[in-house]
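This report concerns only the one structure given below.
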């Protein structure tokens, strides 16, 4: 699984949450997020076309606009990226990965403690 950039990920989060979407709907939603820089319609169009070229989105004509739908679901993407991180950064060693997470000060102390002691809460 190839990682996508931050703006591509914002687009995908919107489409994963809302289903097949037009560029217009994604543009309006992303520009409606508080505290973010406004994006040009053509920027979103380019991002979505690039995601379609990379086979992450499917693009199909619908009248004068196009509908983009995910070809990769959110769980599959997340699992692919986690596997890539585990393999490429930690040599496939899950214990090394969890060891790093147990030292991450941005992770809740109780979660870090359970990681350090080998007690893992269910993922969900």
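The values are calculated or read from the model by the stated rules, or taken from the named source; none is laboratory data. Treat the numbers as computed from the prediction; the structure is a model and nothing was measured. Positions of Cβ are backbone-derived with ideal geometry, glycine not excepted, and every protein chain shown enters the neighbour counts.
Answer with yes or no whether residue 106 is at pLDDT 90 or above, surrounded by 13 or more Cβ atoms within 10 Å (Cβ to Cβ) and not in a helix (DSSP H, G or I).
No.
So which residues in the range 16-27 are surrounded by 14 or more Cβ atoms within 10 Å (Cβ to Cβ) and either closer than 20 Å to residue 64 by Cβ or out of contact with any strand residue (DSSP E or B) (no Cβ under 8 Å at 6 or more places or on another chain) (or both), if there are any at all?
20, 21, 22, 23, 25, 26, 27
What single numbered condition from (1) surrounded by 13 or more Cβ atoms within 10 Å (Cβ to Cβ); (2) out of contact with any strand residue (DSSP E or B) (no Cβ under 7 Å at 6 or more places or on another chain); (3) assigned to a helix (DSSP H, G or I); (4) in the same structural domain as residue 17 (by TED's automatic domain parsing) fails to hold for residue 39?
Unmet for residue 39, out of (1) surrounded by 13 or more Cβ atoms within 10 Å (Cβ to Cβ); (2) out of contact with any strand residue (DSSP E or B) (no Cβ under 7 Å at 6 or more places or on another chain); (3) assigned to a helix (DSSP H, G or I); (4) in the same structural domain as residue 17 (by TED's automatic domain parsing): (3).
Which of the residues belonging to the range 44-93 are loosely packed, with under 12 Cβ neighbours inside 10 Å and either part of a strand (DSSP E or B) or at positive phi (or both)?
Scanning the range 44-93 gives 55, 60, 61, 62, 63, 65, 91, 92.
Residues in the range 56-67: is at least one within 12 Å of the chain's Cα centre (by Cα), at pLDDT below 95 and under 30 Å from residue 87 (Cα atoms)?
no
Counting only residues that are more than 17 Å from residue 72 (Cα to Cα), in contact with a helix residue (DSSP H, G or I) (Cβ under 8 Å, 6 or more places away or on another chain) and part of a helix (DSSP H, G or I), how many does the range 1-36 have?
Qualifying residue count for the region: 7.
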